[in-house]
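Some notes on the structure that comes next.
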2 protein chains.
Amino acid sequence: MRLSRFHLHTTKETPADAELVSHRLMLRAGMIRKLAAGLYTWSPLGLRVLRKVEAVVRQEMDRAGAIELQLPTIQPQDLWEETGRWEKFGAQLLKIRDRKEAGYCYSPTAEEAITDFARQELSSYKQLPVNFYQVQTKFRDEIRPRFGVMRAREFLMKDAYSFHASDADLAREYENMKAAYTRVFTRLGLQFRAVQADSGAIGGDASQEFHVLAESGEDALAFSTGSDYAANVEAAQAADPAPRPAASEALRKVETPVQKTCEDVAALLGIALQRTVKSVAVMGADGFVLALVRGDHMVNEIKLGKVQGLADYRPATEAEIAEHLGSEPGFLGPVVPRKAIRVVADREVAAMADFVVGANEAGFHIAGVNWGRDLPEADVVADIRNVMAGDRAADGGEIKLARGIEVGHVFQLGRKYSEAMKFTVLDENGKAAVPAMGCYGIGVSRIVAAAIEQNHDEAGIVWPVPMAPWTVAVCVINPKKDASVDAAAEALLSELIDAGLDAVLDDRGLRPGAMFADIELIGIPHRVVVSERGLAAGTFEYRSRSASEAESLDRARLMDKLRGN
Amino acid sequence: MRLSRFHLHTTKETPADAELVSHRLMLRAGMIRKLAAGLYTWSPLGLRVLRKVEAVVRQEMDRAGAIELQLPTIQPQDLWEETGRWEKFGAQLLKIRDRKEAGYCYSPTAEEAITDFARQELSSYKQLPVNFYQVQTKFRDEIRPRFGVMRAREFLMKDAYSFHASDADLAREYENMKAAYTRVFTRLGLQFRAVQADSGAIGGDASQEFHVLAESGEDALAFSTGSDYAANVEAAQAADPAPRPAASEALRKVETPVQKTCEDVAALLGIALQRTVKSVAVMGADGFVLALVRGDHMVNEIKLGKVQGLADYRPATEAEIAEHLGSEPGFLGPVVPRKAIRVVADREVAAMADFVVGANEAGFHIAGVNWGRDLPEADVVADIRNVMAGDRAADGGEIKLARGIEVGHVFQLGRKYSEAMKFTVLDENGKAAVPAMGCYGIGVSRIVAAAIEQNHDEAGIVWPVPMAPWTVAVCVINPKKDASVDAAAEALLSELIDAGLDAVLDDRGLRPGAMFADIELIGIPHRVVVSERGLAAGTFEYRSRSASEAESLDRARLMDKLRGN
């Protein structure tokens, strides 16, 4: 490939709306161009990277025994109604009416379509297990599409769906897919972690996410120093708290004229923030609920939502708070007659003694509060907080936090979809049985952006070799001045390609500075310069993208170096 | 690949709504499954074929110097309004409102999106010429989707768009693309013809279609025996007619009590049908028009629509006919005072003498009619008829007709889109110039169905080797009974794969009859049977899909035979 016959179009400007470095660099390198909000064209350069990721994903899915097929992107409303997701999926589902006013959607995921295919195709346990996958364009109508292809509306996804005669077989395939995903991200040269996750809207029994580690990641991840334990903060758990100490202080009302936050109250009273309790008022299915977490902790909305009656909870309004607690926000607390309210305490709070809460009276808190003595035990004790760095983990280690970009997700769906869609096969005894399902997604286009977040420097992208648009760039100085230089570069290019390297010739005739800046910006791992002077000396100038200095190498040493990588 | 680990699901039933043999066979072979009207899932088997076609298309586009990119499938309304196609494209354009009520469509073609990309990327004539292509899912909301993937709503298309500094350079690339398309269809092993075409809704200056020849084809194609001339009947032209003979008959009114068609009138009068003239009443932009073609000819709607004022013509109503001609349909003719009506005569009609037309009076025709003498010359003389088999071609040969399935189309668009979208580059003199454009489409998924229409027999599909899901099927008889037979088959499979053949092992353990029926139905070009008896004799049973008999071959002869193909 000669760059003079390719379309490379780098730019210097950084668009104002590009917040993430990957978005800026993809635009500057000319990998993507915006067509409309959340809709991007993959330029020839960008598509080369996307296809390399796609190829690795496909190879590892094939190796793992999954079978590729292709579902339509446009799917009928009636299928989505069978599972109730036509309504439940929410506004991200792009709904469409065709010329006959029939309802369709642009597939954001394909559990319904694949289960419909499976119930047409599979009738016997003998056809199980089977794992179907596709690499297909998806659409999610994000309310605020941003970050380029990281959170685009139209994106490329690999989605796989497996069907099983037993839960044990589903668990086996789940591990098989986890191993395949580990191979995918390892082969792509990315630093990643598999973490326990909440199953979210897809539903199901068990799930894990694969995250590319990057400081800019949207997700907070928790790891333990004591074992392999890793989980999305959404789902991460700390160790059980130590047993509750005995009460040692008397209950007392304290003046906190303008102190509404735990931080301010603790500072005023000269006590540790860990001695205070935060009261969060919400409305659940059964009415008003006060959720309690320690002053230095944050409520985890997903965990709180799993408490009985709080599946669809919302914050209480000031009027509801006044009605139930007779107070304004900022001074709330659980020391009230336990009539129309429920108290849900985090495990840590339930294990506290001598703590401080709001007095349900503007300008006052209560200190020295103790369970049992000053108020009844909580109605529910549960883990409803986010873990924090430094927490003790269940394995005895310490919790550390990092940030990640979710690029893969594996789920044990169980029978949620197969049951809703009445999909059965005949089992060994000739009886109808509902197959168990797993589903396994990889955000193919998002991987490209995530890799850049993890691998870049001031000059631009630093691709891992397996994702680079080309592995080696052969840069020709003054190709038009001296035909022999161009010929030597062409000969080197052929040799590199024969050696199995994905090499490109930069024969555009740019000044060296501009040419090198382009090659660095688009992140080519290896740069070789062919010049009149070098040819006279029998050497090539070689520089690795990650090295700070170039070196002069003769042809044999150059080839050894490039082949070794 | 072992079929026991693949998902093959053939069926015996022929669905009632499957009219075309390719639709029936694709369903029976389990290549596709219907998700909804005009929406098909490509099963693992079908996808193998689709990917083979896609790979050949991609290789030949790359070889021809086109550069691959990927546009979004969802495209914004405002772009389509720049060219006026948001309205003009009609109901086939699937229009969508997103969650913010902004207008989008699912791309049925991508002239707007690529021109928008080009105007962001290209600013100088030095960046021209360039030819961008993609292989991407498209959607056309057909009013009556049918024939399976032949006329599906969602389909896979390769679309390419080129940009040029001059018309001459566009013409050069047009020829380059025609050559690439010829290589594609030749490599795929299809019988095809390139024919001149009407440019239709895409617009532009010159266009050619590529048709796979098949009796079931929707398009009628005309060829000349005298040269390479070939055209879609929509666009095909016959030679100019011979000069008009002198008048020899007197004008006379003849009674035709119930004879309303030219055929009936000719029979009644005992004259050749070629002596009669058919009068077709239509309403154009300037009012009532009588279009005349010879009694044995058919009006070509596309050609008639190209006559000045008839771009959007429609048939005249009976009331309009009565108003202008004072007659009921069936007895119409051009011998009337030439006031509020225009007469458009086909070239052949303008060259006739002594002909028969309707008298504009129920029950009567007029014979011996002659131009100039009995009525003024026609207002317009043009080619407005379909060619017929046996017509003389312009090259002196004879016109023959055949039927075809359109699988490719190349257009010289000129500046229609670049002008409408205000796309300019700086030319050699530093002045803004509007680039010329070409566009080049291949219906990738349609090729699969077209190939089957052309290549099938009673037993099923007969794939050309380059499109077959596998080239060789190694069928094992009783694989579970004798492990050595399975091992021998596995060894043969490895040898075939090492020889570069795309081979598959049928180890499903079916009875030979059922297994062979499947392998024939799915159209595998070469079948090799491995059996206990054959192994004992040192032979394999070989049968070509197109042969009627099997033959026994030893390993060396078998490999020679398979390698030779």
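The values are calculated or read from the model by the stated rules, or taken from the named source; none is laboratory data. Just so we're clear, the structure is a prediction, and the values are computed from it rather than from any experiment. A quick note on method: Cβ atoms are made from the backbone with ideal geometry, for glycine too, and the neighbour counts reach across all protein chains shown. In case anyone asks, the SASA skips ligands and DNA or RNA and just uses the protein heavy atoms, side chains included. Shrake-Rupley method; radii C 1.70, N 1.55, O 1.52, S 1.80 Å.
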With one decimal in nm and the nearest listed first, the spacings from A:Gly390 to its own position in the other copies, using label points 7 Å along Cα-to-Cβ, are 9.9
Wrap a convex hull around the Cα atoms of the range B:257-304, take a quarter of its surface area, and give that in square nanometres.
3.9
Measuring nothing but label to label, 7 Å from Cα along Cα→Cβ, what are B:Ala319's distances to the other copies in nm, shortest first?
6.2
In vacuo Debye scattering of the range B:354-439, one point per C-alpha: log10 I(q)/I(0) at q = 0.10, 0.13, 0.17 Å⁻¹?
-0.68, -0.83, -0.95
With only alpha-carbon atoms counted, please give the Rg and Dmax of the range B:343-499, in Å.
31.1, 94
Distances from B:Asp427 to the same position in the other copies: list them in nm, one decimal, shortest first, using label points 7 Å from Cα along Cα→Cβ.
7.8
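Might you tell me the accessible area per residue for the range A:185-297, computed with a 1.4 Å probe and given in Å²? Show your work: numbers first, answer last.
Values: 5160 Å² over 113 residues.
Per-residue accessible area for the range A:185-297 comes out at 46 Å².
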Principal axes first, then extents: for the Cα atoms of the protein assembly as shown, list largest minus smallest coordinate on each axis, whole Å, largest first.
131, 78, 75
Roughly how crowded by other chains is peptide B:72-85, in terms of the mean Cβ count from those chains within 10 Å of each of its Cβ atoms?
3
Surface per residue (accessible, 1.4 Å probe) for the range B:470-564, Å²:
45
Quick one: pull the percent of accessible area on chain A belonging to carbon and sulfur, 1.4 Å probe, ligands and nucleic acids left out.
49
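Rounded to two decimals, what ratio of Rg to Rh does the range A:470-563 give with C-alpha atoms and a Kirkwood Rh?
0.92
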Using the reciprocal of the averaged 1/r over all distinct C-alpha pairs, how large is the Kirkwood radius of the range B:223-276 in Å?
14.8
Ranking request for peptides A:264-272, B:459-467: highest mean number of other beta-carbon atoms within 10 Å first, then the rest in descending order.
B:459-467, A:264-272
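Mind checking how much accessible area B and A bury in total, 1.4 Å probe, in Å² rounded to 100? Can you show the working numbers first?
Values: alone 25010 and 24980 Å², together 45370 Å².
For chain B against chain A, roughly 4600 Å² becomes buried.
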In the range B:161-266, GluC sites (Glu not before Pro) in a DSSP loop with at most 11 other beta-carbon atoms within 10 Å:
B:Glu215
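Per-residue mean of other chain beta-carbon atoms within 10 angstrom of the beta-carbon, peptide B:41-49?
Numbers: counts 13, 6, 8, 8, 2, 2, 5, 2, 0.
Mean partner shielding for this stretch: 5.
Express the C-alpha Rg of the range A:132-252 as a ratio against the empirical globular expectation 2.2 N^0.38 Å, rounded to two decimals.
Details: Rg = 19.5 Å, N = 121, 2.2 N^0.38 = 13.6 Å.
Normalised Rg, Cα atoms only: 1.43.
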Loop only per DSSP, at most 11 neighbouring Cβ atoms within 10 Å: give me the GluC sites (Glu not before Pro) in the range B:96-145, ordered by residue number.
B:Glu101
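Could you compute the net charge surrounding A:Tyr542? Neighbours are other residues with a C-beta less than 12 Å from the C-beta of A:Tyr542; K and R count +1, D and E count -1. Display every interim value, and only then the final one.
Details: positive: A:Arg527, A:Arg543, A:Arg545, A:Arg555, A:Arg557, A:Lys561; negative: A:Glu541, A:Glu549, A:Glu551, A:Asp554, A:Asp560.
So the environment of A:Tyr542 carries a net charge of +1.
Taking every residue in B:97-109, how many Cβ atoms of other protein chains lie within 10 Å of its Cβ, on average?
Details: counts 4, 11, 10, 4, 0, 2, 0, 6, 0, 7, 0, 0, 0.
Whole-number average of other-chain Cβ neighbours for B:97-109 is 3.
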Cα centroid separation, the range B:310-359 to the range A:212-268 (Å)
91
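At 222 nm, what value in deg cm²/dmol follows for chain B if DSSP H runs of at least 4 each add -39500 (n - 2.57) and the sum is divided by all its residues, to the nearest 500?
Working: 16 runs with 153 residues, N = 565.
The helix contribution divided over chain B gives -8000 deg cm²/dmol.
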Chymotrypsin sites (Phe, Trp or Tyr not before Pro) restricted to the range A:139-221 and DSSP loop, no more than 13 other C-beta within 10 Å
none
Can you report the principal axis dimensions of chain B using only the alpha carbons, biggest first, rounded to whole angstrom?
93, 68, 48
Summarise the long-distance tail of P(r) for the range B:252-382 by giving the % of C-alpha pairs beyond 17 Å.
53
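For chain B, the longest stretch holding no trypsin sites (Lys or Arg not before Pro) located in a DSSP loop with at most 15 other Cβ atoms within 10 Å is which? Each step should come with its number before you reach the end.
Numbers: sites that count: B:Lys12, B:Arg99, B:Lys100, B:Lys306, B:Arg338, B:Lys339, B:Arg373, B:Lys422, B:Lys431, B:Lys480, B:Lys481.
For trypsin sites (Lys or Arg not before Pro) (loop position, at most 15 other Cβ atoms within 10 Å), the longest site-free span of chain B is B:101-305.
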Chain B Cβ-axis minimum, rotational copy A, residue and distance in Å:
B:Ile96, 3
